[in-house]
Amino acid sequence: MASQPLVIVLMGPPGAGKGTQAKRLAKELGIPHVATGDLFREHIKKGTPLGRLAQGYMERGELVPDDVTIAMVIDRLSQPDCARGALLDGFPRTLPQAKALDERLAELGWCIHVVPNIQVREDVLLRRLSGRWICRNCGAVYHIEFRPPARPGVCDVCGGPLYQRPDDRPETARQRLRVYFEQTAPVLAYYQRQGLLVEIDGEQSIEDVHDALVKAVRLLPEE
Ligand code: ADP
Ligand code: AMP
């Protein structure tokens, strides 16, 4: 019998290091990295109706409405590459999203394996967001101070150009953190009650956060 698909929900405020960690962990686990922020940015790039709808919310640092966000994730999870599960990053961010995910997983006969929550203090988050640079080509994530590329403005992985997200500007970043603590904190309590939450200290080095995640997931050999 095929093994049960693996669903991991990676939580943490904007700038905690979810994308940085998820890219590597998803590869190691052999499941796709499904990041709702990336999916919305793809829609914006392609100029789809969903992209046009999401753009305003994202520019203001607000959440995109639940109905369209949930529909987008359900659609993504039904793609063939998710047959073995997914590493979710940036979803769910509200209680209705968490409940909709549970319902969908129940329909599929799947369940959530673990919910690691990467914790980082607010002043550190703001420093991380203000210095974040991303490759326009492959999405690799850098930091001007903490993870600089070998050549300024150029991706180490693919040579593509690096850019700063408009919503990483200090005012919008602060608004995103407010929204996180107001609307996403109840989701942490929801997973805590289910015994799925594992706290991860996100202020360690990128390597040490990775090791803590591997321990939390308990599926890969520890080094
Ligand atoms: P998120 O996906 O949670 O918003 P990112 O993975 O994009 O966060 O990381 C935010 C910024 O912090 C990036 O510039 C990244 O290079 C940097 N970063 C990530 N993890 C660490 C870490 N453990 N220590 C220092 N900087 C980090
Ligand atoms: P991120 O890339 O995770 O920092 O997300 C960037 C932006 O996309 C957020 O500030 C929201 O506007 C939007 N977004 C991403 N994920 C969600 C979600 N699960 N629910 C609502 N909005 C989201």
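The values are calculated or read from the model by the stated rules, or taken from the named source; none is laboratory data. Note that this is a predicted model, so its numbers are computed, not measured. As a convention, Cβ positions derive from the backbone with ideal geometry for all residues, glycine included, and neighbour counts pool all protein chains shown.
Yes/no matrix, rows are residues, columns are (1) within 15 Å of ligand 2 (Cβ to nearest atom); (2) within 24 Å of residue 187 (Cα to Cα); (3) crowded, with 17+ Cβ neighbours inside 10 Å; (4) of a type in the set (A, V, I, L, M):
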| site | (1), (2), (3), (4) |
| --- | --- |
| 33 | yes, yes, yes, no |
| 38 | yes, yes, no, no |
| 41 | yes, yes, yes, no |
| 46 | no, no, no, no |
| 80 | no, no, no, no |
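The listed residues are 118, 134, and the only one of them that is part of a strand (DSSP E or B), closer than 30 Å to residue 4 by Cβ and under 19 Å from the mean Cα position of the chain (by Cα) turns out to be 118. Search the range 59-85 for residues that are in contact (Cβ under 8 Å) with a residue 60 or more places away in the chain and pair each with any residue that is exposed (fewer than 12 other Cβ atoms within 10 Å of the Cβ) when their beta-carbon atoms are under 7 Å apart and the residues are at least 6 apart or on different chains. Once the first residue is in contact (Cβ under 8 Å) with a residue 60 or more places away in the chain and sits in the range 59-85, its partners that are exposed (fewer than 12 other Cβ atoms within 10 Å of the Cβ) give 59/166; 84/30. In the set (1) buried (at least 16 other Cβ atoms within 10 Å of the Cβ); (2) β-branched (Val, Ile, Thr); (3) touching a helix residue (DSSP H, G or I) at 6+ places or on another chain (Cβ under 6 Å), the condition left unmet by residue 69 is number (3). Identification of helices (runs of 4 or more DSSP H) wholly contained in the range 1-104 with 3 or more residues that are within 16 Å of ligand 1 (Cβ to nearest atom) yields 18-29, 36-46.
If you scan the range 135-144, which residues turn out to be farther than 13 Å from residue 206 by Cβ and modelled with pLDDT of 95 or more?
Once the filter is applied, which keeps residues that are farther than 13 Å from residue 206 by Cβ and modelled with pLDDT of 95 or more, the range 135-144 yields 135, 144.
Based on what the data block shows, is residue 132 charged (D, E, K, R), within 11 Å of ligand 2 (Cβ to nearest atom) and either buried (at least 18 other Cβ atoms within 10 Å of the Cβ) or without any contact (Cβ under 8 Å) to a residue 12 or more places away in the chain (or both)? Yes; evaluated as a whole, the condition is true for this residue.
Taken as a whole, the range 142-152 holds at least one residue that is assigned to a strand (DSSP E or B) and among the aromatic types (Phe, Trp, Tyr). Scanning the range 4-19 for residues that are near ligand 2 (Cβ under 9 Å from one of its atoms) and within 8 Å of the chain's Cα centre (by Cα) returns 18, 19.
Scan the range 165-198 residue by residue and report those that are of a type in the set (Lys, Arg) and in a helix (DSSP H, G or I).
Within the range 165-198, 174, 176, 178, 193 qualify.
The sole residue among 201, 167, 208 that is touching a residue at least 60 places away in the same chain (Cβ under 8 Å) and over 27 Å from residue 62 (Cβ atoms) is 201.
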